[in-house]
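Please treat every number below as a calculation from the coordinates, not as lab data. Predicted model only: the values in this text are computed from it and were never measured. Note that each Cβ is placed from the backbone with ideal geometry, even for glycine, and that neighbours are counted across all protein chains shown.
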Amino acid sequence: MTTKSNMSSREMIDACMQHSLFSWSATAKVDPIPIARAQGIYLYGPEGQRWIDFNSQLMSVNIGHGHPKVVQAIQEQAATLAYAYPGMATEIRARLSLRLAELLPGDLNTFFYTLGGAEANENAIKAVRMFTGRHKILVRHRSYHGATNGAITLTGDPRRWPTEPGMPGVIRVMDPKPYEFSFGNTDEEIVANNLRYLEEIIQYEGPKNIAAMFIETVTGTNGILPPPKGYLKGLKALLEKHGILLVCDEVMCGWGRTGKLFAFEHGDIVPDICTMAKGLTSSYLPLGVMAVSDRIANHFRENVFWGGLTYNAHPLCMSCALAAINVIIDEKLVENSARMGEVMRGHMARLAAKHRCVKEHRNIGLFGCIELRKNSAGERLVPYAGSHPVMAKLGKFLRENGLFTVLQWSMVMCNPPLTIDEQQMAESFDIIDRGLALVDEVFEGVFEG
C-alpha cells in the first residue's frame, strides 16, 4: 500500500532532526522512523513502508490507529465547541464525567481533567497533601510516573537522576519484585516479606507524616511487573491501618491493557485515587484524569483544590475520550485483550523454548515483555540502567523487517493495540523470533534448554 505525503522520508527526518528536540535523547543520536499515516495496528511511511505497531506507540493507542468513530467525534466537537474556559460547564464535560463515574469501580466518582498522565500525578500529589495535611509520599524504585517536576521525583528509574534533588518528601522503597534481590519464592512469601519491610519503613518515617503511596498498579516500562497475588489487597489494608492513601497510576495499564478495564480490578481493590491517560483517548488527543473517592471529593467541596490548567476539561480532548471509551466497551476490546493475552503467552513460551537468550517472559493481557539474558547463569543481558550493542542490532533488525516496538535495557516490549488478531500476533512474533537469533549469537555458555 502506498500513501501520499508532501515530504519524502529524508525531508521529514532532516527537518525534524534540525529543528526539534526528542524525548530522552541526544538529538544527534536519534534515528526516527518517518510516519505519514497509521491505520489499525500498522504505521505507514511516506513511500509506503509498513510497520506493525507492537508497542501501541507508548503503550497508549489501545483501540488501534484511525478509528472512524473517534475521528468523527473529534471533528464534530471541533465544529461545535473547540475550547471553553475551565470554570465553565459543557455538555461534553458532563457526559464524559457521567460515563467515567459509571465505569470506574467503587466510589471513584469525581474527576480532575489534565492533559496527560504526568499532570494527573502532579495534581494527585497536591490532592493527597491537601486532604491529609501530611507531606511525605511513598513510592517504589521500579516505577515511572511522568517527566514533570513532582512526577519525575516519584519515578524510580534512572530518568529521574539528572533532575535530582527534585521535590522533597519522597520516600523510595523496593518493589515486591526488585531488580535483583528477592523477597521470596512464592507469591505468599513475597507479599508477606515485602509488606513487613514496608511497614518498618512506615514506622521509621512516622505514619502521621505520610500522605499516600503512589504505585503503578502493574509496573510498565520498568519491566511489565504484575503484582504478586494478594499484594494489592495486603498493601491497601496496611496503608489504611496507618491512614495513608493509595494512589494507583493506571496511565499505562488502564483501559483494557491488562485484560480488565482497570488493572486494580485484578486485585479486588479500589484505590483512593486513580490517575489515567494514554488509553483514555487512545492518544488521539492528549487527556489525563485524576479520579478521586467520594470522601476526598467531599473535602474539596468545602476546601479549595489548589490546582488549575488552561486546558483543564478541554472539550475537544474530552469528546475524543468519550468516543474512545465507547469503542473499547462496544467492540469488546477488554475481552479481546484477555483472550489475545493467552495467545501472546503461547508465542512467548515457544520463543523461550527455542532461544537460549530468553531469560523469562511475562504478560497480563496485552501488557507484556520478553527479558533477555547473556549466559546460562541467567544474568540479564543488560545491567540496570546499562546497554549492550546487540540490543541496537536487534532494534535495527525489527525495524527493517516491519516491526516497531520499544527495547528497554534487556527487554523486548510486547504491547500491541487491543484490536490485534491471531494472524497479526503470529506475524509479529515471527519477526521477533528471527531477531532473537542475533542475541543468541552473543550468548555466553551452554544452553541448558
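Amide H contacts of L403 (H built 1.01 Å from N, in plane; Pro and chain starts excluded): I52 sit under 5 Å, all sequence-distant by 5 or more or on other chains. With Cα atoms as the point set, the radius of gyration and Dmax of region 367-408 evaluate to 11.4, 33 Å.
Of all DSSP bridge pairs formed entirely within the chain, close to 65 percent run antiparallel. The mean of 1/r over all distinct Cα pairs in region 68-330, once inverted, gives the Kirkwood hydrodynamic radius of 18.8 Å. Listed from fewest to most Cβ neighbours within 10 Å, the set F397, F429 follows the order F397, F429.
Each residue, I201 and T80, gets one label point 7 Å from its Cα in the Cβ direction; the gap between the two is 4.6 nm.
Once the chain from N209 to N298 is taken as fully extended at 0.36 nm per residue, the excess over their C-alpha distance is 29.8 nm. Considering Cα pairs under 8 angstrom that are at least six residues apart, work out the relative contact order of the chain and quote it in whole percent. RCO, the chain: 20 percent. Karplus-derived 3J(HN,Hα) values for region 423-434, using 6.51 cos²θ - 1.76 cosθ + 1.60 with θ = phi - 60°, are 5, 5, 5, 4, 4, 5, 6, 5, 5, 4, 3, 5 Hz; glycine and proline are entered as x. Under the classification rounded if a/c is under 1.5, otherwise prolate if a/b is larger than b/c and oblate if not, where does region 162-205 fall, given a ≥ b ≥ c as square roots of the Cα gyration tensor eigenvalues? It comes out oblate by the Cα gyration axes.
Counting beta carbons within 10 Å around each of S60, S282, S410 and listing the fewest first gives the order S60, S410, S282. List the residues, sorted by chain then number, that are 5 or more residues from V358 or on another chain and whose placed amide H is less than 5 Å from its amide H. Hits under the 5 Å cutoff: R373.
In the elastic network of the chain, a GNM with C-alpha springs shorter than 10 Å, the most mobile of M340, M213, M17 is M17. Phi-derived couplings, Karplus 6.51 cos²θ - 1.76 cosθ + 1.60 at θ = phi - 60°, listed residue by residue for region 367-381: 10, x, 7, 10, 9, 9, 10, 9, 7, 6, 6, x, 5, 4, 4 Hz, with x used for Gly and Pro. Taking the inverse of the mean reciprocal distance over all distinct Cα pairs, the Kirkwood hydrodynamic radius of region 172-246 comes to 12.8 Å. Extension gain, L98 to I33, is 19.5 nm, computed as 0.36 nm per intervening residue step minus the present C-alpha separation. In this simple spin-label approximation, E379 and E47 carry label points 7 Å from Cα along the Cα→Cβ vector, and these lie 4.2 nm apart. The Cα atoms of region 283-335 define a convex hull whose projected area, averaged across directions, is 5.1 nm².
When the convex hull of its Cα atoms is viewed from all sides, region 1-73 shows a mean projected area of 5.9 nm². Spin-label pair D433-R10: with each label point 7 Å from Cα along the Cα-Cβ axis, the two points sit 3.7 nm from one another. Gyration tensor over the Cα atoms of region 213-324: the corresponding equivalent ellipsoid has semi-axes (square roots of 5 times the eigenvalues, largest first) of 24, 21, 10 Å. What the Cβ-Cβ distance of N401 and K332 gives, at R0 = 35 Å and to the nearest 0.05, is a FRET efficiency of 0.65.
A straight line joining the Cα centroids of region 301-366 and region 412-440 runs 18 Å.
For region 316-355, the alpha carbon positions stretch 48, 18, 8 Å along the principal axes, listed from largest to smallest.
Sorted largest first, the spans of the alpha carbon positions of region 261-402 along the three principal axes are 61, 35, 34 Å.
Along the chain, the exposed loop sites are trypsin sites (Lys or Arg not before Pro) outside DSSP states H, G, I, E and B with at most 16 other Cβ atoms within 10 Å, and the longest stretch free of them is 5-228. Full extension of the chain between F22 and Y179 yields a length gain of 53.7 nm, computed as 0.36 nm times the residue separation minus the alpha carbon distance.
Close amide-amide hydrogen proximity is noted between Q408 and M413, each under 5 Å apart and 5 or more residues distant or on a separate chain (H modeled in the peptide plane; Pro and chain starts excluded).
Rounded to whole numbers, the Karplus 3J(HN,Hα) couplings from phi for region 83-96 are 8, 9, 3, x, x, 9, 8, 10, 4, 5, 5, 5, 5, 5 Hz, using 6.51 cos²θ - 1.76 cosθ + 1.60 with θ = phi - 60°, and x at Gly and Pro.
Between E441 and I171, the C-beta separation translates, for a Förster distance of 35 Å, into a calculated FRET efficiency of about 0.20. For region 1-74 versus region 88-166, the spacing of their alpha-carbon centroids is 28 Å.
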